[in-house]
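Beneath this line is the structure, given in C-alpha cells, with notes to follow.
The values are calculated or read from the model by the stated rules, or taken from the named source; none is laboratory data. Since we're looking at a predicted model, the values are computed, not measured. Methodologically, a virtual Cβ is constructed for each residue, glycine included, from the backbone with ideal geometry; neighbour enumeration extends over all protein chains shown. Protein only, heavy atoms only, side chains kept; ligands, DNA and RNA dropped before computing areas. Shrake-Rupley method; radii C 1.70, N 1.55, O 1.52, S 1.80 Å.
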Amino acid sequence: MHAPVESYHATRFLKGTRIPTLMFGESSEASRHVALMIESLIRQNNSAGKPTVLGLATGSTPIGLYRELIRLHREENLDFSRVITFNLDEYYPMPPDDEHSYHLWMKAHFFDHVNLHPKNIHIPSGTIPPDQIEDHAAQFEEKIRRAGGIDFQILGIGRTGHIGFNEPGSTRQSRTRLVSLDPVTRRDAASGFFGIENVPQQALTMGVGTILEARQIVIMAFGEHKADIVQKTIEHEPTDAITASFLQQHPDATFIVDAAAGSKLAAVRTPWKLGPVQWTPALIRRAVLWLSFAAEKPLLLLSDDDFREHELYSLLREHGPASKLARKVFDEMSNTICTRPCGQEPKTVLVFSPHPDDDVISMGGTIIHLVEQGHRVHIAYMTSGNIAVFDHDALRFKDFVAEFNERFGIDPVKTKEVTDRITRALEVKKPGSRDEEDVLHVKGLIRATEARAAALSVGIPPGQLEFMDMPFYRTGTIAKAPIGPEDVRITQELIARLQPAQVYMAGDLSDPHGTHRVCADAVFKALALLAKEGFKTEAWLYRGAWEEWEPHEVERVVPINPDEMERKKLAIFKHQSQKDRAMFPGGYDDREFWQRAEERNRHTAQLYDQLGLPQFYALEGFVQWRGV
Ligand code: F6R
C-alpha cells in the first residue's frame, strides 16, 4: 500500500538515528531490498566456493523476505546448497512437528522451497530434557563457531524491544539459553495459538551477545504497531530494557522499516529539526499542523514568533509569514470536511470490508449518510472471518439448529448426523489447533448472519451484500496464503459487475494478521487491471479497527452526530461473536471495537476543534487512493 500523502524511497539513511536506518514506503519493497543484500552475499560466497552462514528469524516480519528468496531461487537460480542456517529461537517445550513450532514454520515458509541441505539447518530444540538444556545451548553456540560465525543475521523486533526472545533485562553479554517469555510477547503470539493460555511460557533463544557476534545484522520492522518500539530503539540510549537497542553498538547493523513502522521517528515527524529540508506542500501541512498542536494554538492564531520558537525558521523565511502559512493549511483542512461524500446524484457505492465488521467499525457513520442521501451501497465481505469465532459460540448455534429442526420437524436423522459430527470435532480438538471444515462452516455462517443484521441496521438490505470468501483466507489458521490471481479475479469481476462510482476499502497496515493489507492489495490490483480496460472509479481508504488517519494524512472527514454514532455502535454490536471479548483483539488495545471506533472518531473531531476548525461530535477520516 502506498504512503498516502508523502511517499518514501529508501535511497539514503534517515537522519538522527543511532542505528543506520532505511525506510521504504511498503514492506514488500523493504523485504526485496533485504533479499537482494542476502542474494549478493550468497552469490559472492558461492563463486568463491565459500559457505554463507545465515542467522534466521521467524514471525510475521520476515515472511516477505523468505518469499523473495524463494523466488530468487526458483526464477534466478540462487543456489542455497552452500548456505548454513542458524535460527534464533524455538518455543519450549515444543515438539518439532507441532503446528506451532518454529521448526515447522521454517519448513513451510522457507526450507521446503529452496535447496538447503537438511544437515546445514540448525534450530534450537524444543524437546531437549530440562537437565540437558545448558549443554544443548553450548553445543548450539559451538556449531555457530565451527561454521565460522554468522555472516548475516536477520532480526525482527518484538513490541517489548526483544531480538530473538531476549526479553527486557537480558544483558548485552547473554548467550543461548532458556528464557521466560514476557506477557506482552505471549499476548502478541496469542492469536497464532488461538488464545494466550495456549502460548508456551518459555523459549530457547540465542543471546544478545551471540547475536551481536554476527558480522552483519539487518533488523526489520513493519506496521504501525511497531512504530513506538522502533522509535525508542533507534533514538534513545542503549538499555537492557530494550535489547534491540544494543544493536547501536554493532559496527554493521541496519534497521529496515516501512513507512508505518518508521512513522514516529524524528526524521519523519519533525525532519526540519534535523537539518535543511525541502518544503513540499505535504511537509508544510505537516509542520504547520504540528506547530498548532505544539503551541496549543488554533491555526489562525499562529504568529511568526510561534514559528521561530519552534525552530521553523526556514519555513517562515521561505513560505511565510505565519498568517499566510496558517491560512493555507486552514483552507486545506476546511476542504477535507464533507457532508455529501458521494455527491448529490444517486450513485452506486461499493464498500470492501476485509472481515465482516470492518465496514461498520470504520465507516458506519459514512454508510448511514450515503444510504440516507439516496446512494445504492453494496458491501463486499472479502473473507469469512471464521477463524475469529470462539468454540462456545459454534456450540450454541449448533444447539439452536438442533432444537429448531426438532421443533419444526426437519430431517431428524440428518440433523443428528451433522450436529454429532460438529460436537465430536470440537471435543477432539486440541487447544490452539485449527478447526475441521464443518466447524469452520458454522463459524463462517455465524459471522455472515451477524454481517447481514449489522448491514440492515444501517439501511442496507441483504441483496446488496456480497460474501466473497476469498481463497487466500481459506487456510483455517491465522497464517494466510499470499494473494493469488483468483483473489484478484473475484475482486475485479465484482467491481466490473457493480460499476461503482466510489469504492471504499480498509487502509490499515497493522491489523495483526495482515489480512487488511492483503485485501487492499487485491482491490488495488483489480482496479489497476480495470483501469487498463478504461474503467475508472474513486477509491477511498478508511481506518478504524486498528489505527486512525492522522490530521496531516486525512483528505476527507465525514461528520457524525450523536444519533448517527449511536446507530453506528448498534450496528457494531450486531457482530456479537466479536463483542465483549474478541478472539483477535490485537495485542496492544484492550478496548472493544465499538469503543475504539467511538473514541477514534471523537478524537479526530477534538483535533479539528483544537486546530480552530468547526466543532463536531465525531469524524470518520478517509484518504484517497490514487494508484491508478
Ligand atoms: C522470531 C523472533 C522474534 C520476532 C519478533 C517479531 O524468531 O526471534 O524476535 O522476530 O517477536 O515478531 P513479528 O515479526 O511476528 O512481529
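Projecting each Cα onto the charge dipole of the chain (Lys/Arg +1, Asp/Glu -1 at the beta carbon, about the Cα centre), which of Thr233, Ala522, Pro471 comes out farthest on the positive side?
Ala522
Percent antiparallel among DSSP beta bridges with both residues in the chain, to the nearest 5? Write down the numbers at each step before the final one.
On the way: 19 of 59 bridges.
Here the share of antiparallel DSSP bridges comes out near 30 percent.
Could you look at the stretch 116-221 and say what percent of its accessible area is carbon and sulfur, using a 1.4 Å probe and all protein chains?
Its accessible area is 51 percent carbon and sulfur atoms.
With only Lys, Arg, Asp and Glu charged, each at its Cβ (+1 for the first two, -1 for the last two), find how big the charge dipole of the stretch 360-508 is about the Cα centre; round to the nearest 20 debye.
80
As I understand it, the dipole of the chain uses +1 on the Cβ of Lys and Arg and -1 on the Cβ of Asp and Glu, about the Cα centre. Which of Gly365, Ile483, Leu88 lies farthest toward its positive end?
Ile483
Just to confirm, what accessible area per residue do you get for the chain at 1.4 Å probe, in whole Å²?
On the way: 26370 Å² over 628 residues.
Per residue, the chain has an accessible area of 42 Å².
If amide hydrogens are placed 1.01 Å from N in the peptide plane, which non-local residues have theirs closer than 5 Å to the one on Ala506?
For Ala506, whose amide H was placed from the backbone, the distant partners under 5 Å are Tyr542.
What is the chain by shape, rounded, prolate or oblate, if you read a ≥ b ≥ c off the alpha carbon gyration tensor as root eigenvalues and call it rounded for a/c under 1.5, prolate for a/b larger than b/c, and oblate otherwise?
Taking the square roots of the gyration eigenvalues as a ≥ b ≥ c, the chain is oblate.
Could you sort Glu427, Glu564 by accessible area so the largest value comes first, with the probe set to 1.4 Å?
Largest accessible area first, the list is Glu427, Glu564.
Let's see if you can work this out: charge +1 on each Lys and Arg Cβ, -1 on each Asp and Glu Cβ, no other charges. What is the dipole magnitude of the stretch 188-255 about its Cα centre, in debye to the nearest 20?
Dipole magnitude for the stretch 188-255 comes out near 160 debye.
What shape does the stretch 142-270 take by its C-alpha gyration tensor, where a ≥ b ≥ c are the square roots of the eigenvalues and a/c under 1.5 counts as rounded, a/b above b/c as prolate, and the rest as oblate? Don't skip to the answer; put the middle values down first.
Values: a/c = 1.78, a/b = 1.05, b/c = 1.69.
The shape class here is oblate.
Under the rule of -39500 (n - 2.57) per DSSP H run of 4 or more residues, summed and divided by the residues of the chain, what mean residue ellipticity at 222 nm is obtained, to the nearest 500 deg cm²/dmol? Walk me through the numbers on the way to the answer.
Working: 20 runs with 255 residues, N = 628.
For the chain, the value works out to -13000 deg cm²/dmol.
Residue farthest toward the positive end of the dipole of the stretch 51-128, with Cβ of Lys/Arg at +1 and Asp/Glu at -1: which of His109, Ile70, Val53?
In the stretch 51-128, that residue is Val53.
Determine the dipole magnitude for the chain: charges of +1 sit on the beta-carbon of Lys and Arg, -1 on that of Asp and Glu, nothing else is charged, the reference point is the Cα centre, and the result goes in debye to the nearest 20.
Working: 72 positive and 86 negative charges, 224 e Å.
So the dipole magnitude of the chain works out to roughly 1080 debye.
Among the listed pairs Lys107/Lys143; Lys429/Lys569; Lys264/Lys579; Lys297/Lys324; Lys273/Lys297; Lys15/Lys232, which are separated by more than 23 Å between their Cα atoms?
Numbers: Lys107/Lys143 21 Å; Lys429/Lys569 34 Å; Lys264/Lys579 31 Å; Lys297/Lys324 16 Å; Lys273/Lys297 20 Å; Lys15/Lys232 15 Å.
Going by Cα-Cα distance, Lys429/Lys569; Lys264/Lys579 fall outside the 23 Å limit.
What does the C-alpha gyration tensor say about the overall shape of the stretch 376-521? Classify as rounded when a/c is under 1.5, otherwise prolate if a/b is larger than b/c, or oblate.
Oblate shape, in that a/c is at least 1.5 and b/c is the bigger or equal ratio.
Using modelled amide H (1.01 Å from N, peptide plane; none on Pro or chain starts), what sits under 5 Å from the amide H of Tyr92, excluding residues fewer than 5 places away?
Counting only residues 5 or more places away or on other chains, the set is Gln202, Ala203, Leu204.
Tell me the relative contact order for the stretch 247-336 as a rounded percent, counting alpha carbon contacts under 8 Å between residues six or more apart. Walk me through the intermediate numbers first.
Working: 49 pairs, mean separation 20.1, N = 90.
Once divided by the residue count of the stretch 247-336, the mean separation gives 22 percent.
Please give me the summed charge of the neighbours of Gln499: other residues whose Cβ is under 13 Å from its Cβ, Lys and Arg +1, Asp and Glu -1.
With Lys, Arg at +1 and Asp, Glu at -1, the neighbours total +1.
Just to verify a number: what accessible area does Arg581 come out at with the full protein assembly present, 1.4 Å probe, Å² rounded to tens?
The accessible area comes out at roughly 140 Å².
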